[in-house]
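Asks: If you scroll down you'll find the structure; I have some questions about it.
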Amino acid sequence: MSANLDWGNLGFGYIKTPYRYVADYKDGKWGEGKITEDDKVVLSECAGVLQYSQSAFEGLKAYTTRDGRIVTFRPDLNGERLENSAARLEMPVFPKEKFLEAVDMVVSANKEYVPPYGSGATLYIRPYMFGSSPVIGVKPAEEYQFRMFCTPVGPYFKGGVKPITIRVSDFDRAAPHGTGHIKAGLNYAMSLHAIVDAHKNGFDENMYLDPASRTYVEETGGANFLFITKDGKVVTPKSDSILPSITRRSLCYVAEHYLGLTVEHRPVKFSEVRDFAECGLCGTAAVISPVGKIYDHGNEICFPSGMNVMGPVTKKLYDTLTGIQAGNIPAPDGWIREIK
């Protein structure tokens, strides 16, 4: 049975679904998680998350494959990344095994909200955790809550993929040795002013350079960069303050093992960006957002792939990975988790 939604016209926004997962951390241990219909979070006015932004989150999707199965894509890596984020923020680690159980339970409970194959829509899953007990001195909370909800979303690009224009930002995304490598809510709060300012000035996104020297490419506010050289190599920036994108890692595997391309994961100087043939931003929402132009304080870098279509190598990567997710192309072992 399917929910009565216009699947072909969904936007990328929140639609409340009936069920979500909740688990509480008290007295030094996680309690048994459960499915609930209650979407309200009740907190002390002095909760750790409200006073000192002690929170982390993840994002992943469930799909309907061509043969009618409901699957998730590499959720184990989301669970591992949340473990790392929690440890860095002095939060109790929510074990990956419980995380995977929660994904199965939430998707299964909301099965009728998983969009049908071919609609272009997916079920977006948002796991998150936060300090829930009162904290007034600067220290970690003593109690936490882990929650997971889901919402059906339309394709990130309505009407087809179009290359975007980005700018080199004057703001820094993350400090050296800071929290740029984890998925902390505070990182995204800090990026909001920069993205709103970019939009006001006619740009789709920001390119952040390394804050120490401002000579190396890092990432955008919420996606990793992927470049294609003129001789067909795939290059992704390497830095200790870049979030390890699951989509980027998957695309690199696809490039090497499915398409036979050479992959380089290395520091990328901004000065070499103008020599690349293609550029894309990779993340869960869009898989790859092609970049047609980068604006650098009055100078423009225009990629040969242009402003009309996704570049040829980027398109092959996009088609192959989305084909794996949809069940049209055989997946590597362990990449696809079926929801019963």
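Asks: Kindly indicate which of Ala223, Ala198, Ala212 is in contact (Cβ under 8 Å) with a residue 40 or more places away in the chain and of a type outside the set (Val, Ile, Thr).
Replies: One residue alone meets the criteria, Ala223.
Asks: Quick one: would you say Lys96 is charged (D, E, K, R), open to solvent by less than 30 Å² (accessible area, probe 1.4 Å) and under 22 Å from the mean Cα position of the chain (by Cα)?
Replies: When the stated conditions are applied, Lys96 does not pass them.
Asks: Return the total of residues in segment 242-263 being touching a helix residue (DSSP H, G or I) at 6+ places or on another chain (Cβ under 8 Å), part of a helix (DSSP H, G or I) and either of a type in the set (S, T, N, Q) or open to solvent by 10 Å² or more (accessible area, probe 1.4 Å) (or both).
Replies: Residues meeting the conditions: 4.
Asks: Continuing with the same structure: Considering only segment 136-220, give the strands (runs of 3 or more DSSP E) lying wholly within it that have at least 3 residues that are surrounded by fewer than 22 Cβ atoms within 10 Å (Cβ to Cβ).
Replies: 144-153, 164-168
Asks: Residue check, Lys183 against (1) farther than 29 Å from Thr72 by Cα; (2) basic (Lys, Arg); (3) in contact with a helix residue (DSSP H, G or I) (Cβ under 7 Å, 6 or more places away or on another chain), all met but one. Which one?
Replies: (1) is the only condition that Lys183 fails.
Asks: Separate question: Can you pull out every residue in segment 11-48 that is in contact with a strand residue (DSSP E or B) (Cβ under 9 Å, 6 or more places away or on another chain), among the charged types (D, E, K, R) and open to solvent by 40 Å² or more (accessible area, probe 1.4 Å)?
Replies: Passing the criteria: Lys16, Asp24, Lys26, Glu32, Lys34, Glu37, Asp38, Asp39, Glu45.
Asks: Hey, does segment 300-308 have a residue that's surrounded by fewer than 16 Cβ atoms within 10 Å (Cβ to Cβ), closer than 21 Å to Leu100 by Cβ and without any contact (Cβ under 8 Å) to a residue 24 or more places away in the chain?
Replies: no
The values are calculated or read from the model by the stated rules, or taken from the named source; none is laboratory data. Computed from a prediction, not measured in an experiment: that's the story for all the values here. Counting neighbours? That spans all protein chains shown, and the Cβs are built from the backbone with ideal geometry, glycine included. In case anyone asks, the SASA skips ligands and DNA or RNA and just uses the protein heavy atoms, side chains included. Shrake-Rupley method; radii C 1.70, N 1.55, O 1.52, S 1.80 Å.
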